[in-house]
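Peer 1: Take a look at this one; I'll ask things after.
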Amino acid sequence: MDAGSAHSSSNMTRCPLQEQFLQRRNSRENLDRFIPNRSAMDFDYAHYMLTEGRKGKENPAVSSPSREAYQKLLAETLNMNRTRILAFKNKPPTPIELIPHELASAQPAKPTKPRRYIPQTSERTLDAPDLVDDYYLNLLDWGSSNKLSIALGNTVYLWNASDSSTSELVTIDEENGPVTSVSWAPDGRHIAVGLNNSEVQLWDSSDNRLLRTLRGGHRSRVGSLAWNNHILTTGGMDGQIVNNDVRVRSHIVETYRGHTQEVCGLKWSASGQQLASGGNDNVLHIWDKSMASSNSPTQWLHRLEEHTAAVKALAWCPFQGNLLASGGGGGDRTIKFWNTHTGACLNSLDTGSQVCALLWNKNERELLSSHGFTHNQLTLWKYPSMVKMAELTGHTSRVLFMAQSPDGCTVASAAGDETLRFWNVFGVPEVAKPAPKANPEPFAHLNRIR
Amino acid sequence: MASKTVAKDIITLRGSAAIVCEFFGYAANSILYNRGVYPEESFAKVKKYGLPLLLTQDEGVKSFIANLNAQLSEWLEAGKLQRVVLVIMSKATGEVLERWNFSIETDGEVVEKGVSREKSDKEIMREIQAIMRQIASSITYLPCLDEPCVFDVLAYTDKDVAVPFTWIESDPKLIANPQMVKLHSFDTKIHKVDTLVSYKNDEWDEQ
């Protein structure tokens with residue numbers, strides 16, 4: 001059809017404008033109409049679908065050797081006989097990859113890193129009866145020996161995450177309890193237990209033995225504890241923060257004064273150089289070790305008063321030494337990020353509910369926060385964009401405490417609903433990367449020659 | 001003057017075969033470039049059909065296409081070539097990802113009786129130009145070839161063609177459940193070439 005029209009047009013005289021216009025239109029294809037064009041159809045495929053493709057599906061049972069032979073013969077006489085498909089024996093050269101294959105495949109794989117599946121439900125739920133529903137306490141900790149300690153009323157229980165066995169560490173006398181804080185020493189063996197009667201007990205978890213009792217540091221309950229090697233820092237309801245050297249007889253080596261109300265958040269930075277403390281007086285203090293003095297109370301490095309409610313949730317960033325995240329209580333509801341060297345507030349984000357605890361992911365730039373009313377959820381944030389990545393729900397009351405497993409992958413949360421839940425929120429641990437070669441600039445060693 | 005015009009518009013079987021062959025050469029190069037089968041650096045720019053086109057500088061690919069064209073033109077002149085298919089396959093798995101299908105209809109009368117036809121070079125060139133433009137723009141709708149690929153060329157000939165020494169019979173290398181897009185066609189009045197690209201259905205669209 002197309003050919004016919006082209007024929008007639010080429011026979012025409014070519015001078016008038018109109019004719020030329022017509023001619024050009026004819027010689028082109030009219031694309032707004034569907035004109036079946038047999039030669040352009042993929043008859044190979046059509047044939048395949050009509051014969052081969054359906055053969056197996058329709059009656060697989062009837063396919064016998066004789067039938068197959070017949071079909072083959074039929075196919076040959078009908079269609080296949082008409083053409084012969086040929087290809088060169090010598091294939092074209094395969095493209096040379098300028099980048100080695102492993103690299104080439106690794107390169108695009110990097111940006112499209114498969115999205116980690118974040119389970120939205122808890123992996124395991126344990127009963128935690130008599131858990132004191134008090135925002136200002138710290139009743140859950142996960143030690144480096146993979147044991148979890150939780151204080152339920154007057155009793156401290158140990159739960160071994162390796163074999164899921166439970167044991168009781170100690171039950172405090174009624175008049176001294178309840179337990180107001182627990183904290184594992186870095187060795188994963190010793191555990192500090194803060195009490196309502198202002199005492200702090202040190203226990204050896206391997207044989208459930210009371211090693212010593214620290215007295216005289218506080219006048220009221222000890223709600224927060226933080227270890228820095230052999231220094232145990234305790235924060236009390238009296239607003240005092242005390243550094244106790246657990247090795248020496250007169251254990252009080254340093255006091256920090258700055259809070260006027262209960263100290264509920266207490267965290268040492270990973271380097272052990274800075275201490276962050278948050279109190280019910282809505283103040284966040286950064287203390288620097290270099291400013292410590294043994295005879296007079298230490299002065300703070302920064303006094304940060306941006307929070308408008310109690311500051312309990314504190315978390316030092318594992319990949320940036322001077323970055324601290326802090327969360328405010330019910331009247332504040334924000335997560336704030338601080339440069340602890342300069343005291344600058346880097347970011348503040350209203351989460352919409354009380355922030356009870358904060359944890360950084362050790363493998364990814366992510367932050368997990370636990371909340372109270374209204375959803376009692378755990379929220380996973382991308383840092384620094386603070387895009388919400390996941391909301392983990394399950395708790396029916398405010399999620400007071402969170403603790404991270406030693407491998408950094410699992411998070412335990414304890415809530416006012418008297419349950420302890422485990423979440424696989426931080427993914428699987430990465431395979432240990434080979435340490436980068438310690439051979440930077442050629443003159444790096446000159447620094448040491450003085 | 002008049003004789004010159006006439007000479008220009010007359011097209012013989014041989015001339016038509018040459019045009020079709022040349023077209024295959026440029027089309028194959030253009031596909032290999034645009035689909036990224038060979039690295040971009042191995043191509044050089046030339047002007048053809050009023051378009052900037054790219055030709056491979058890789059000696060291996062060059063000689064493959066040259067050998068192919070030599071054989072194709074022989075078959076075209078004999079009117080025995082029905083179709084040429086350029087197949088792009090995954091290098092790793094051999095899975096066929098794209099089939100560039102060039103169907104050829106030959107005017108039997110020309111082959112048998114040796115008559116010639118009339119069509120101006122310019123018009124043919126314009127038709128080819130349209131196809132070349134479509135090949136270049138095909139990257140906008142074809143799925144990304146994000147793995148190393150290889151290509152092969154299949155020639156569909158009449159059954160009575162003796163298989164040349166350097167050729168072997170092949171399977172059609174079909175794609176199961178393909179997407180098809182028909183491109184423009186061109187016609188030398190002796191050979192009519194229809195272009196169609198079929199490609200593996202991108203599963204992403206279905207979801």
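The values are calculated or read from the model by the stated rules, or taken from the named source; none is laboratory data. Quantities reported herein were computed from a predicted structural model and do not represent experimental measurements. All Cβ positions, glycine included, derive from the backbone under ideal geometry; neighbour counts span all protein chains shown. Heavy atoms of the whole protein, side chains included, go into the accessibility calculation; ligands, DNA and RNA do not. Shrake-Rupley method; radii C 1.70, N 1.55, O 1.52, S 1.80 Å.
Peer 1: Determine which single condition A:Ile252 fails, assuming it passes every other condition in (1) aliphatic (A, V, I, L, M); (2) under 15 Å from A:Val193 (Cα atoms); (3) without any contact (Cβ under 8 Å) to a residue 60 or more places away in the chain.
Peer 2: (2)
Peer 1: I want to confirm something. Restricting to segment A:296-326 and keeping residues that are surrounded by fewer than 18 Cβ atoms within 10 Å (Cβ to Cβ) and farther than 21 Å from A:Thr260 by Cα, which single residue is farthest from the chain's Cα centre (by Cα)?
Peer 2: A:Asn322
Peer 1: Among (1) out of contact with any Gly (no Cβ under 8 Å at 6 or more places or on another chain); (2) at negative phi, which single condition is A:Arg303 missing?
Peer 2: (1)
Peer 1: So, in segment B:89-103, of the ones that are more than 11 Å from chain A (Cβ to nearest Cβ) and open to solvent by less than 10 Å² (accessible area, probe 1.4 Å), which residue ends up farthest from B:Met180 (Cα to Cα)?
Peer 2: In this case the residue turns out to be B:Ser90.
Peer 1: Can you name the residue in segment A:388-414 that is among the β-branched types (Val, Ile, Thr) and out of contact with any strand residue (DSSP E or B) (no Cβ under 7 Å at 6 or more places or on another chain) and is also most open to solvent (accessible area, probe 1.4 Å) among such residues?
Peer 2: Across segment A:388-414, the extreme among qualifying residues is A:Thr396.
Peer 1: I'd like to verify a number: residues in segment A:220-264 that are of a type in the set (S, T, N, Q), assigned to a strand (DSSP E or B) and open to solvent by 10 Å² or more (accessible area, probe 1.4 Å), how many?
Peer 2: Counting residues in segment A:220-264 that are of a type in the set (S, T, N, Q), assigned to a strand (DSSP E or B) and open to solvent by 10 Å² or more (accessible area, probe 1.4 Å) gives 2.
Peer 1: Scan segment A:337-370 residue by residue and report those that are without any contact (Cβ under 8 Å) to a residue 60 or more places away in the chain and of a type in the set (S, T, N, Q).
Peer 2: Hits for segment A:337-370 are A:Asn339, A:Thr342, A:Asn347, A:Ser348, A:Thr351, A:Ser353, A:Ser369, A:Ser370.
Peer 1: Next up: Among the residues of segment B:74-86, is any more than 11 Å from chain A (Cβ to nearest Cβ), open to solvent by 50 Å² or more (accessible area, probe 1.4 Å) and farther than 19 Å from B:Lys189 by Cβ?
Peer 2: Yes, segment B:74-86 contains a residue that is more than 11 Å from chain A (Cβ to nearest Cβ), open to solvent by 50 Å² or more (accessible area, probe 1.4 Å) and farther than 19 Å from B:Lys189 by Cβ.
Peer 1: If you don't mind, there's one more thing I want to ask. Only residues that are open to solvent by 60 Å² or more (accessible area, probe 1.4 Å) and facing chain A (nearest Cβ under 9 Å): list them for segment B:41-73, please.
Peer 2: Answer for segment B:41-73, where residues must be open to solvent by 60 Å² or more (accessible area, probe 1.4 Å) and facing chain A (nearest Cβ under 9 Å): B:Glu41, B:Glu59, B:Asn67.
Peer 1: Also, quick follow-up: Would you point out which residue out of A:Asp134, A:Asp204 is acidic (Asp, Glu) and under 22 Å from A:Ser277 (Cα atoms)?
Peer 2: Only one candidate qualifies: A:Asp134.
Peer 1: Quick check on segment B:153-160. Is at least one of its residues at pLDDT below 90, polar (S, T, N, Q) and out of contact with any strand residue (DSSP E or B) (no Cβ under 6 Å at 6 or more places or on another chain)?
Peer 2: Within segment B:153-160, none of the residues are at pLDDT below 90, polar (S, T, N, Q) and out of contact with any strand residue (DSSP E or B) (no Cβ under 6 Å at 6 or more places or on another chain).
Peer 1: State which residue pairs qualify: first residue buried (at least 18 other Cβ atoms within 10 Å of the Cβ) and inside segment B:11-40, second residue of a type in the set (D, E, K, R) and part of a helix (DSSP H, G or I) in any location, beta carbons under 7 Å apart, and separation of 6 or more residues or different chains.
Peer 2: That search, which allows pairs on different chains as well, returns B:Leu13/B:Glu77; B:Ala17/B:Glu77.
Peer 1: Just for strands (runs of 3 or more DSSP E) wholly inside segment B:104-207: which have at least 1 residues that are more than 10 Å from chain A (Cβ to nearest Cβ), without any contact (Cβ under 8 Å) to a residue 24 or more places away in the chain and open to solvent by 30 Å² or more (accessible area, probe 1.4 Å)?
Peer 2: Fully inside segment B:104-207 and qualifying: B:178-187.
Peer 1: Also: Yes or no: B:Glu95 in contact (Cβ under 8 Å) with a residue 12 or more places away in the chain and farther than 26 Å from B:Glu112 by Cα?
Peer 2: For B:Glu95, the condition - in contact (Cβ under 8 Å) with a residue 12 or more places away in the chain and farther than 26 Å from B:Glu112 by Cα - is met.
Peer 1: Can you name the residue in segment A:265-295 that is part of a loop (DSSP other than H, G, I, E, B) and touching an Asp or Glu at 6+ places or on another chain (Cβ under 7 Å) and is also most open to solvent (accessible area, probe 1.4 Å) among such residues?
Peer 2: Checked segment A:265-295; the qualifying residue most open to solvent (accessible area, probe 1.4 Å) is A:Ser294.
Peer 1: Filter segment A:205-219 for residues that are part of a strand (DSSP E or B) and among the charged types (D, E, K, R); which is least open to solvent (accessible area, probe 1.4 Å)?
Peer 2: Looking at residues that are part of a strand (DSSP E or B) and among the charged types (D, E, K, R), I get A:Arg212.
Peer 1: If you don't mind, another one. How about segment B:41-50: which of its residues are more than 17 Å from the chain's Cα centre (by Cα) and in contact (Cβ under 8 Å) with a residue 60 or more places away in the chain?
Peer 2: Of everything in segment B:41-50, just one residue is more than 17 Å from the chain's Cα centre (by Cα) and in contact (Cβ under 8 Å) with a residue 60 or more places away in the chain, namely B:Gly50.
Peer 1: Can A:Lys336 be described as open to solvent by 10 Å² or more (accessible area, probe 1.4 Å), basic (Lys, Arg) and at pLDDT 90 or above?
Peer 2: Answer is yes for this residue.
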